[in-house]
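Okay, structure first, notes after.
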């Protein structure tokens, strides 16, 4: 009974920003659980390459190019997916960017607007379009990728724009969950720590950054994309059927200190 609750057989899932990192690991996890997964990314070629890699494992995975900052593009991609697959049962809003080492007093307008546009506006555009369809079809499940940075101020890097964007994602998650709970659309989020992806491996060559990032983590290590993907799988499945509006922290204990 309990293992069956993690099955996603017969479900269609969309993961944004999934050509690599946490998004790709999530597509891997959801497709292994039986879902048909559509990998979306701004880089359509990279999205298709990622999909090909999972199809080689025998998974049902497709790809689509999507710029989450364009609400009309979100609507078009959603319509195309529904036309092909009938409906979307699961949406994982993973697309995001991090531009660090930008002191607030000297931050240019473009940097602030770009981070907010991708990390917060993009999540809302996708929630609005896919969520409305889920409400109309009688149910669905949305998982947003937030961050422990929504609850803390990171150091030594200065990144008020990123922290604010992720705090917005967390409260948007709670707000939509409250609005849609009685209509069988669940909305939850995962809040990861620093994850060992291609973009973050430079920390091993930066002793000062390592002292703060890893030295302040009780587990004394960074996280792996698969460790976040497994939490997303739980939230996307019926195993978490009583949860909505939850922010699940996966931070190796970082926020304890």
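Looking at this structure, is residue 122 assigned to a helix (DSSP H, G or I) and either buried (at least 17 other Cβ atoms within 10 Å of the Cβ) or at pLDDT 95 or above (or both)? Step through it out loud before you land on a result.
Values: assigned to a helix (DSSP H, G or I): yes; either buried (at least 17 other Cβ atoms within 10 Å of the Cβ) or at pLDDT 95 or above (or both): yes.
Judged against the criteria, residue 122 is a match.
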Report yes if residue 59 is within 16 Å of the chain's Cα centre (by Cα) and more than 30 Å from residue 158 (Cβ to Cβ), otherwise no.
-> no
Can you tell me which residues in the range 190-215 are in a loop (DSSP other than H, G, I, E, B) and crowded, with 16+ Cβ neighbours inside 10 Å?
-> 193, 194, 196, 197, 200, 214
With 158, 179 as the choices, which residue is without any contact (Cβ under 8 Å) to a residue 12 or more places away in the chain, surrounded by 13 or more Cβ atoms within 10 Å (Cβ to Cβ) and more than 22 Å from residue 233 (Cα to Cα)?
-> 179
Only one residue in 228, 187 is modelled with pLDDT of 95 or more, surrounded by 14 or more Cβ atoms within 10 Å (Cβ to Cβ) and outside any helix (DSSP H, G or I). Which one?
-> 187
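Can you pull out the residues in the range 82-96 that are in contact with a helix residue (DSSP H, G or I) (Cβ under 9 Å, 6 or more places away or on another chain) and touching a residue at least 60 places away in the same chain (Cβ under 8 Å)? Give the steps one after another, and end with the answer.
The initial filter retains those residues of the range 82-96 that are in contact with a helix residue (DSSP H, G or I) (Cβ under 9 Å, 6 or more places away or on another chain), namely 82, 87-96.
Scanning the range 82-96 gives 87, 88, 89, 90, 91, 92, 93, 94, 95, 96.
The values are calculated or read from the model by the stated rules, or taken from the named source; none is laboratory data. Predicted model, so just to flag it, every value in this text is computed and none were measured. Because the Cβ atoms are built from the backbone with ideal geometry, glycine has one as well, and the counts that use them run over all protein chains shown.
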